[in-house]
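**Student:** I am attaching a structure below and will ask some questions about it afterwards.
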Amino acid sequence: KEFEDRKLRLEVGLEQLDRCGLATNTLKTELKEVKLRVEEQASKTNALLERVEVDRSIVEQQNALASVEQERTNKIFIEVNDLVAECQTDLAAAQPIVQAALAALKTLNKSNLTELKSMGSPPAEVSEVTACVMCLLAKADHIPRDRSWAASRRMMQDVPRWMTAMETLDFNNIPQPCIDAIWKTVHQPHFDDEFIKTKSFAASSLCRWVKKVVDYHKVRLMVRPKEARLDSAQERLKISTAQLQKVQKKVATLLAKLDEIEQQYATALEAKNQLEEELRNTELKMQRAQRLLVSLGSERGRWEQSLKFLDADRGVVDGDSLIGVAFVVYAGPLLTEVRGEFMSQVKQLLNDNPFYNILFTKEVRRPFISPPPTAPTEEEGKTEAKIPEGDQKDSTTTIETKIDPAEEEKPLIAPIESEDPTEVDDELDPVSTLFSPVDIAKWTSEGLPDAKRMTENAAVALSHKMWPLLVDPENQALRWVQGRALGRQKAIADSAQVADNEMAPLTESTIGHSKLIVVRQTEKNYIDTILKAATIGAVTLIEGILAESGIDSALEPLLNKEYETLSNGPRHLIINDKQVTVHPAFSLFLRT
């Protein structure tokens, strides 16, 4: 599966590179099209902007004209209002004169008028009064020449009609010839209503009426020039208002046109901005695609070569797996020298036995060489800080990685004294069939000593279906296990399913700075601690395994991985009549 996954990743990578190349060509075409569209839209937008500026200038000019016309109209309007107010004031002051004249008429009645009319030869003053009345009631072009008493009596023949004519006289429009005809008479000293009252009461009332009519006419003579100016001003106001309305209507039309063009410009500008944004995004995609092609261009050859190697090696993958399995199953407890002899025997067996040779398309003597593990960079350390799938076991037995009594003073995991990786040219390297160089580099970053025997020990510990027993007198394996636990700290914290109060026994002092759960069989309730660690998926280390005491038989279900799994659900384990759910990330190490 790992072989096929590697091959699939290379194939997908090459396919993505091809797609990226095609996408780059497509983006080049799109980039040209978008640039043309941007240029066209920019030209259209600039043309609309020029129209907007021209129309705005015209509107500003018309607005200036409208402002001048408005100012002139306002001045005329103020002038008209002032003249109207002045004329109204003057006429209002003359209204008492009109009221006095009408009041004089109200003193007349049929009796005293009949008396006046019945006079055969009245005094000259009385005849002058009736003559003046006759002139005021006449039309401008029919001033009576006959102003005799006889003519006056004819005027008074129909008294009601005569009275109505005097009451309805238009004081504001008395013809000037009528006033001129009586002007001298009215200004004579004897033309006085009190004096004439001694002659006739009715004549005295008519005298007072005539004098009031003349007095009001004098006021009208003073007001008429103002009224003429008012008429002129009103005419000018009418013309100016019409001109102002015409200019305002033109400005409104221009403003509507300008608004329409500005809306077109705003729409065009928005379209231009969108196209420019599309152009920027396309250029950015183009740059990214080109950078990707440049950065991965050198990888294409290596990927293609690797894919050829994988295709060529596909026939030996079963044999490689067999070598790796043989090493993991048998070489764990063996010393370094014995491991070399064992692998030589495996090599000889595979060369001599035709049945095994059919598993290979190449000679089994080909080198199984992988680069020596190196410490990863900071970024690689961050990238590979996940738990490899190979860490998970599904086993029912355990294995002890013991040392020979003759080597009992030597640690199982210790720095190698003098070992050159180039010495393995003719040796089988089973570790390379189990793990990649990245995995081995990750172990080094976790604290595993950088030596061939150490990587072999780690490969056995992590590949075997049994939980490993680490013989570790110099604490090298302990430091590596702590490093692995520290790398998985976040995964353990995120996947914990138990409540805080249930984790009370797992104190900070028990877990330690690396979050590695360490227990001893001599501790009280240590099995409960292990079960809780299994529940949260922690890295657990059972310390102090002694040959005399051995391993507690109560742990056999855990050591044998007697899990119960229902329909791809979680794994359950029963220990001491307690059922717990074993987290997939749980791993167990035994150490002595």
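**Student:** From Ala233, Ala289, grab the single residue that is hydrophobic (A, V, I, L, M, F, W, C), farther than 30 Å from Gln70 by Cβ and open to solvent by less than 40 Å² (accessible area, probe 1.4 Å).
**Tutor:** Working: Ala233 fails: farther than 30 Å from Gln70 by Cβ.
Just one listed residue meets the conditions, Ala289.
**Student:** Tally time: how many residues in the stretch 536-567 are among the acidic types (Asp, Glu) and either in a helix (DSSP H, G or I) or touching a residue at least 24 places away in the same chain (Cβ under 8 Å) (or both)?
**Tutor:** So the count comes out to 4.
**Student:** Now for a different question. Hey, Leu448 hits all of (1) at pLDDT 65 or above; (2) part of a loop (DSSP other than H, G, I, E, B); (3) open to solvent by 20 Å² or more (accessible area, probe 1.4 Å) but one; which does it fall short on?
**Tutor:** Of the numbered conditions (1) at pLDDT 65 or above; (2) part of a loop (DSSP other than H, G, I, E, B); (3) open to solvent by 20 Å² or more (accessible area, probe 1.4 Å), the odd one out for Leu448 is (3).
**Student:** Scan the stretch 254-286 for residues that are closer than 25 Å to Gln62 by Cβ, of a type outside the set (S, T, N, Q) and without any contact (Cβ under 8 Å) to a residue 40 or more places away in the chain and report the count.
**Tutor:** Residues in the stretch 254-286 being closer than 25 Å to Gln62 by Cβ, of a type outside the set (S, T, N, Q) and without any contact (Cβ under 8 Å) to a residue 40 or more places away in the chain: 4 in total.
**Student:** While we're looking at this one, here's another question. Just need a number here: residues in the stretch 115-158 that are open to solvent by 50 Å² or more (accessible area, probe 1.4 Å), outside any loop (DSSP other than H, G, I, E, B) and within 17 Å of Cys207 (Cα to Cα).
**Tutor:** 5
**Student:** Picking from Ala458, Ala441, Ala477, Ala451, which residue would you name as being more than 47 Å from the chain's Cα centre (by Cα) and under 26 Å from Lys1 (Cα atoms)? Give the steps one after another, and end with the answer.
**Tutor:** Values: Ala441 fails: more than 47 Å from the chain's Cα centre (by Cα); Ala477 fails: under 26 Å from Lys1 (Cα atoms); Ala451 fails: under 26 Å from Lys1 (Cα atoms).
Step by step, each of Ala458, Ala441, Ala477, Ala451 is checked, and only Ala458 is more than 47 Å from the chain's Cα centre (by Cα) and under 26 Å from Lys1 (Cα atoms).
**Student:** Can you name the residue in the stretch 301-312 that is in contact (Cβ under 8 Å) with a residue 40 or more places away in the chain and open to solvent by less than 70 Å² (accessible area, probe 1.4 Å) and is also farthest from Thr433 (Cα to Cα) among such residues?
**Tutor:** Trp303
**Student:** Does Pro570 qualify as being open to solvent by 30 Å² or more (accessible area, probe 1.4 Å), more than 30 Å from Gln476 (Cα to Cα) and either touching a Lys or Arg at 6+ places or on another chain (Cβ under 9 Å) or at pLDDT below 85 (or both)?
**Tutor:** Details: open to solvent by 30 Å² or more (accessible area, probe 1.4 Å): yes; more than 30 Å from Gln476 (Cα to Cα): yes; either touching a Lys or Arg at 6+ places or on another chain (Cβ under 9 Å) or at pLDDT below 85 (or both): yes.
It is true that Pro570 is open to solvent by 30 Å² or more (accessible area, probe 1.4 Å), more than 30 Å from Gln476 (Cα to Cα) and either touching a Lys or Arg at 6+ places or on another chain (Cβ under 9 Å) or at pLDDT below 85 (or both).
**Student:** Which one of the conditions (1) modelled with pLDDT of 85 or more; (2) of a type in the set (A, V, I, L, M); (3) buried (at least 16 other Cβ atoms within 10 Å of the Cβ) does Leu48 fail to meet, given that it meets all the rest?
**Tutor:** (1)
**Student:** Here is a list of conditions, (1) open to solvent by less than 20 Å² (accessible area, probe 1.4 Å); (2) closer than 20 Å to Ala485 by Cβ, and Glu523 meets all of them except one; can you say which number that is?
**Tutor:** (1)
**Student:** Please specify each residue of the stretch 518-527 satisfying the condition of being without any contact (Cβ under 8 Å) to a residue 24 or more places away in the chain and on the phi < 0 side of the Ramachandran plot.
**Tutor:** Thr522, Glu523, Lys524, Tyr526
**Student:** State all residues of the stretch 573-589 that are open to solvent by less than 20 Å² (accessible area, probe 1.4 Å) and either in contact (Cβ under 8 Å) with a residue 60 or more places away in the chain or over 21 Å from Asn457 (Cα atoms) (or both); if no residue qualifies, say none.
**Tutor:** If the condition is that a residue be open to solvent by less than 20 Å² (accessible area, probe 1.4 Å) and either in contact (Cβ under 8 Å) with a residue 60 or more places away in the chain or over 21 Å from Asn457 (Cα atoms) (or both), then Leu573, Ile575, Val582, Ala585, Ser587, Leu588, Phe589 are the ones that fit.
The rows are residues; the columns are (1) assigned to a helix (DSSP H, G or I); (2) surrounded by fewer than 16 Cβ atoms within 10 Å (Cβ to Cβ); (3) modelled with pLDDT under 80.
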site	(1), (2), (3)
Glu11	yes, yes, no
Leu17	yes, no, yes
Val54	yes, yes, no
Ile58	yes, yes, no
Glu69	yes, no, yes
Asn74	yes, yes, no
Val80	yes, no, yes
Ala85	yes, yes, yes
Gln88	yes, yes, yes
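**Student:** So, Glu283, is that one assigned to a helix (DSSP H, G or I), touching a helix residue (DSSP H, G or I) at 6+ places or on another chain (Cβ under 7 Å), exposed (fewer than 15 other Cβ atoms within 10 Å of the Cβ) and not hydroxyl-bearing (Ser, Thr, Tyr) or not?
**Tutor:** For Glu283, the condition - assigned to a helix (DSSP H, G or I), touching a helix residue (DSSP H, G or I) at 6+ places or on another chain (Cβ under 7 Å), exposed (fewer than 15 other Cβ atoms within 10 Å of the Cβ) and not hydroxyl-bearing (Ser, Thr, Tyr) - is met.
**Student:** Which one of the conditions (1) open to solvent by 40 Å² or more (accessible area, probe 1.4 Å); (2) modelled with pLDDT of 90 or more does Leu486 fail to meet, given that it meets all the rest?
**Tutor:** (2) is the only condition that Leu486 fails.
**Student:** Looking at the stretch 181-196, which of the residues that are open to solvent by 60 Å² or more (accessible area, probe 1.4 Å) and either touching a residue at least 12 places away in the same chain (Cβ under 8 Å) or among the polar types (S, T, N, Q) (or both) is farthest from Ala138 (Cα to Cα)?
**Tutor:** Only one residue fits best here, namely Phe195.
**Student:** Ok, one more. Looking only at the stretch 263-321, which residues are small (Gly, Ala, Ser) and under 30 Å from Met343 (Cα atoms)? Let's see the steps before the verdict.
**Tutor:** Step one: list which residues in the stretch 263-321 are small (Gly, Ala, Ser), which gives 266, 268, 271, 289, 295, 297-298, 301, 306, 312, 315, 319, 321.
Selection gives Ser306, Ala312, Gly315, Gly319, Ser321.
**Student:** Further question: Scan the stretch 314-342 residue by residue and report those that are outside any helix (DSSP H, G or I) and either out of contact with any Lys or Arg (no Cβ under 7 Å at 6 or more places or on another chain) or farther than 19 Å from Phe435 by Cα (or both). Reasoning before the result, please.
**Tutor:** So the first thing to find is which residues in the stretch 314-342 are outside any helix (DSSP H, G or I), and the list is 331-335.
Within the stretch 314-342, Gly332, Pro333, Leu334, Leu335 qualify.
**Student:** Then there is this: Does Glu276 fit the bill of being open to solvent by 80 Å² or more (accessible area, probe 1.4 Å) and out of contact with any strand residue (DSSP E or B) (no Cβ under 9 Å at 6 or more places or on another chain)?
**Tutor:** Working: open to solvent by 80 Å² or more (accessible area, probe 1.4 Å): no; out of contact with any strand residue (DSSP E or B) (no Cβ under 9 Å at 6 or more places or on another chain): yes.
Judged against the criteria, Glu276 is not a match.
**Student:** Tell me which residues, restricted to the stretch 168-188, are assigned to a loop (DSSP other than H, G, I, E, B) and of a type in the set (Val, Ile, Thr).
**Tutor:** Residues satisfying the conditions are Thr168, Ile174.
The values are calculated or read from the model by the stated rules, or taken from the named source; none is laboratory data. Note that the coordinates shown come from a computational prediction; the quantities given were computed from them, not determined experimentally. A quick note on method: Cβ atoms are made from the backbone with ideal geometry, for glycine too, and the neighbour counts reach across all protein chains shown. Just so you know, the surface numbers come from the protein's heavy atoms only, side chains and all, with ligands and any DNA or RNA stripped out. Shrake-Rupley method; radii C 1.70, N 1.55, O 1.52, S 1.80 Å.
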